[in-house]
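To start, the structure under review is shown below, and the notes come after it.
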Amino acid sequence: MDILITQEVALHQYEVRQNVSQVTRLLHPEFVEVGASGKRYDLQSILEMLAFEPYEAGCVYSQNFQCITVGHDSRLLTYEAAWVYEGGKVDAFSRRASLWQQTEIGWQLKYHQGTYCDAFELIK
C-alpha cells in the first residue's frame, strides 16, 4: 500500500503534474477520471489540462488511506483530501477513490473519482 500512497500523493504535486513523463508513467494509458462535476476525462484530456494548470500556493492534504485488493493486479485506494492554502485556510474537502493496476512498468492509476463532502478534521 505504501507505494500506492506515495504515487497518489505525487500526483497531487504541481512539479509532478507539470512533468509529462512522470504523469504518463503514473497514469495508465486507459486512465479515466470522473470529476466532482460528473465530467469524464481520459488521459489525453488530463495531459492537455495539466499543460495549462497554473501554480497555486498551497497543497492537497490527504489522510485516512485504505487499500482494498480488487484482483491479483488491482488495488482500490480510498482516502480523504482537502486543499490547504499557504496561509492555512482549508477548503475543497473530498472523498477520493483510485483504482491502481500493476503493469509491466509498475503500478499505474487506471481510474480516479473525487466527490466533494462536508468538512472534516485534518489529522496532523
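Brief remarks follow.
- Just one of the listed residues (Leu26, Leu43, Leu4, Leu11) is farther than 17 Å from Arg75 by Cβ, at pLDDT 95 or above and not basic (Lys, Arg), namely Leu43.
- In the set (1) in a strand (DSSP E or B); (2) surrounded by 15 or more Cβ atoms within 10 Å (Cβ to Cβ); (3) touching a residue at least 12 places away in the same chain (Cβ under 8 Å), Val23 fails one condition alone, (1).
- Leu4 meets all of the listed conditions (1) closer than 23 Å to Tyr116 by Cα; (2) in a helix (DSSP H, G or I); (3) free of Cβ contacts under 8 Å to residues at least 40 places away in the same chain but one, namely (3).
- The residues of region 26-46 that are crowded, with 16+ Cβ neighbours inside 10 Å and either touching a helix residue (DSSP H, G or I) at 6+ places or on another chain (Cβ under 6 Å) or of a type in the set (A, V, I, L, M) (or both), listed by number, are Leu26, Leu27, Phe31, Val32, Leu43, Ile46.
- In region 29-40, residue farthest from Leu109 (Cα to Cα) [restricted to those that are under 13 Å from the mean Cα position of the chain (by Cα) and at pLDDT 95 or above]: Val34
- Qualifying position, being among the hydroxyl-bearing types (Ser, Thr, Tyr) and closer than 16 Å to Val9 by Cα, among Tyr41, Tyr79: Tyr79
- For region 90-101, the criterion of a residue being of a type in the set (Ser, Thr, Tyr), at pLDDT below 95 and on the phi < 0 side of the Ramachandran plot is satisfied by no position.
- Total residues in region 1-18, condition over 18 Å from Ala97 (Cβ atoms) and surrounded by 14 or more Cβ atoms within 10 Å (Cβ to Cβ): 3
The values are calculated or read from the model by the stated rules, or taken from the named source; none is laboratory data. Nothing here was measured: the structure is a model prediction, and the numbers come from that model. We place every Cβ from the backbone using ideal geometry, glycine too, and count neighbours over all the protein chains shown.
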